[in-house]
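Input: a single structure, listed below in structure tokens.
The values are calculated or read from the model by the stated rules, or taken from the named source; none is laboratory data. In this text the structure is predicted, and so the values were computed from the model without any measurement. Glycine gets a Cβ as well: all are built from the backbone with ideal geometry, and neighbour counts include every protein chain shown.
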């Protein structure tokens with residue numbers, strides 16, 4: 001072996017590591033802050049339609065979410081990770097699912113529950129089963145049922161627009177809201193859920209840079225068209241159209257920002273379709289036959305519980321394994 005051959009061999013290096021072997025250009029910190037940036041249109045429309053007080057709700061939610069994460073990690077002798085943006089994102093998502101002018105003290109409690117019970121109790125980022133922001137929202141729904149369903153009339157609303165959400169108006173008063181206000185957001189509803197335009201702008205941005213897998217939002221929309229369309233055809237006088245289902249309430253916000261959470265959604269392509277279709281089916285049933293006019297939160301949390309099973313049933317065959325019952329062999 002010559003000196004040149006020896007030098008060439010020294011430059012060849014193989015690293016033997018354990019799985020997983022999938023890599024991404026996105027770090028956790030970059031992903032979290034890009035999702036936060038994608039919510040800017042929804043934040044803007046919440047301030048436009050409901051006033052600057054909503055900034056306090058957002059600030060309190062973020063502050064207590066980050067503070068809870070820091071405190072619990074210090075108590076567990078773990079390295080604090082609040083700078084990765086995950087706690088801030090949890091607080092921001094929770095705030096955007098709350099009604100306008102919501103109690104600041106209740107907001108703080110919801111953030112503590114979201115991070116404490118929804119995330120850290122499972123071991124922190126990457127180990128939680130359920131979407132933390134929705135866990136906090138579900139707690140507030142149970143603990144503050146009156147405040148969480150008290151809606152404010154948008155500042156730019158005309159006299160014919162009420163403070164009630166379009167879903168509540170349709171379910172209880174049989175009043176249908178036109179698609180125009182639903183698209184732009186000049187309606188009653190949660191801070192970040194009223195403007196479909198703002199949600200779609202942020203959601204398409206995440207899909208374009210491949211942070212969000214398009215299969216889940218598309219499967220949810222397709223599921224709403226199928227399941228909502230079937231019920232609408234059965235009784236169009238009582239059951240709203242699929243288009244109303246899609247643009248009203250928190251459907252689009254849930255499809256773009258909640259159901260697509262990396263930790264609590266399936267990792268296989270077929271699993272994502274099952275997940276999204278399941279959410280839409282449960283949502284349609286809740287909206288039409290449940291006691292509440294909205295059910296995005298519950299449908300996503302319900303399907304979160306089945307994600308491990310979905311992943312297991314939809315995992316692809318191991319490379320080199322031939323399925324053949326007792327004659328199964330590997331190469």
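Okay, here's what the table says:
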read-out	value
Unmet criterion (only one of (1) in a helix (DSSP H, G or I); (2) in contact (Cβ under 8 Å) with a residue 24 or more places away in the chain; (3) over 25 Å from residue 132 (Cβ atoms)) for residue 203	(3)
Tally, over the stretch 286-310, of residues that are in a loop (DSSP other than H, G, I, E, B), under 14 Å from the mean Cα position of the chain (by Cα) and surrounded by fewer than 22 Cβ atoms within 10 Å (Cβ to Cβ)	0
Which numbered condition residue 319 misses (of (1) modelled with pLDDT of 95 or more; (2) over 20 Å from the mean Cα position of the chain (by Cα))	(1)
Every residue from the stretch 167-182 that is part of a loop (DSSP other than H, G, I, E, B) and surrounded by fewer than 20 Cβ atoms within 10 Å (Cβ to Cβ)	174, 175, 176, 178
Test set (1) surrounded by fewer than 18 Cβ atoms within 10 Å (Cβ to Cβ); (2) under 21 Å from the mean Cα position of the chain (by Cα); (3) in a helix (DSSP H, G or I) - residue 127 fails condition number	(3)
Hits in the stretch 248-275 (condition: within 21 Å of residue 94 (Cα to Cα) and assigned to a helix (DSSP H, G or I))	251, 252, 253, 254, 255, 256, 257, 258
Residue match in the stretch 84-103 (condition: over 17 Å from the mean Cα position of the chain (by Cα), surrounded by fewer than 17 Cβ atoms within 10 Å (Cβ to Cβ) and modelled with pLDDT under 95)	no
Given (1) more than 30 Å from residue 30 (Cα to Cα); (2) in contact with a helix residue (DSSP H, G or I) (Cβ under 8 Å, 6 or more places away or on another chain); (3) at pLDDT below 95, number of the condition residue 225 does not satisfy	(3)
Check on residue 43, touching a residue at least 12 places away in the same chain (Cβ under 8 Å), under 18 Å from the mean Cα position of the chain (by Cα), surrounded by fewer than 24 Cβ atoms within 10 Å (Cβ to Cβ) and closer than 18 Å to residue 118 by Cβ	no
Those helices (runs of 4 or more DSSP H) lying entirely in the stretch 207-247 with at least 2 residues within 20 Å of the chain's Cα centre (by Cα)	215-223, 242-247
The listed residue being in contact with a helix residue (DSSP H, G or I) (Cβ under 8 Å, 6 or more places away or on another chain) and within 30 Å of residue 307 (Cβ to Cβ), out of 115, 175	115
Residues that are crowded, with 24+ Cβ neighbours inside 10 Å and closer than 30 Å to residue 154 by Cα, drawn from the stretch 204-217	217
